[in-house]
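What follows is a set of notes on a single structure, which appears directly below.
All of the numbers you see were taken from the coordinates with simple rules; none came from a lab. Treat the numbers as computed from the prediction; the structure is a model and nothing was measured. As a convention, Cβ positions derive from the backbone with ideal geometry for all residues, glycine included, and neighbour counts pool all protein chains shown.
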Amino acid sequence: MDILTDNPAALVAAAIRALSVGVALLAAGTVLVNTLWMDADAMRASGSPRTALSASVVAVVALLVDWVNTARLLYGDAGSAVDPLIIQSALDTPLGQFYAVALAGLAWLFFATIGARTLPYLAVPGALAVIASVGLVGHTLDEPRALLYALLTLHIGFAAMWMGVLMPLSRLTRQPRNRGYAADLAEDLGRGGFVLLPSIALAAGYLGWLLLGQPTSVPTHAYAQLMLVKVLLFLALVAVGAFNRFVIVPRLHDSLGAGAWLRVTIALEALLFAAILLAVAVTTDNVHPRPLPG
């Protein structure tokens, strides 16, 4: 994995992409969590509409920085990012379409949320557009393209919902009067986890098999090594989630200390998600699933 040491510019670009995609998915996931699992009182108590709004603004800024950095790397000049001809030609490429769809989805999400904070379903089309945009770039452009894209979008959607519940849940545990909301949300998420976790694992596993081919290729090249890193990080994430579900959440109703422990594990989950996003960005932009000839 020489990309991590031999090409610092590529690593910086991957970090910027990971930030922009991660915050965009946080906004999208928060909207989906609000729609599926939270009522108006819980949303007010957790401040989750504010989370969606703030994340959407940060994501727009991060995506624009990402585009400027990408233009600088591709054309040698950051000023090319505002060249109308370059923008027009970029929109004909998967990368340009990713930026366009993600920004449009974030705009919809922002204005729908600010216009009706207690009606999160109005922002769902924007959230789905953000999730769909991520699959427009990377190795889903290989064949079978439609199946790869569907699996990746499913995988990303479930992961976004997991990300979207973390900040509202953390906020709810800080206020004793809202511990009931926190416990209910955590229990709902735990029940949903019995569907989410196998779905994420199956989608990711089949996607990896389609891209990598036979399992014998797993240890032999950079993409497979990074895939292994992602798997290990995901297993760590599952372990933390299981600890929350079976040890901490049952104590939320009765123990003040349980809320503090839950906030610690939520912070750990957020760090693991950040590491996974960075690994994905490095993988997508710099290595191919199958070793190239020669």
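Descriptive notes on the structure:
- Gyration tensor verdict on the stretch 100-184 (Cα atoms; rounded if a/c is under 1.5, prolate if a/b is larger than b/c, oblate otherwise): oblate
- With contacts taken as Cα pairs under 8 Å at a separation of at least 6 residues, the stretch 68-135 carries a relative contact order of 25 percent.
- Local net charge near ARG251, Cβ-Cβ under 13 Å (Lys/Arg +1, Asp/Glu -1): 0
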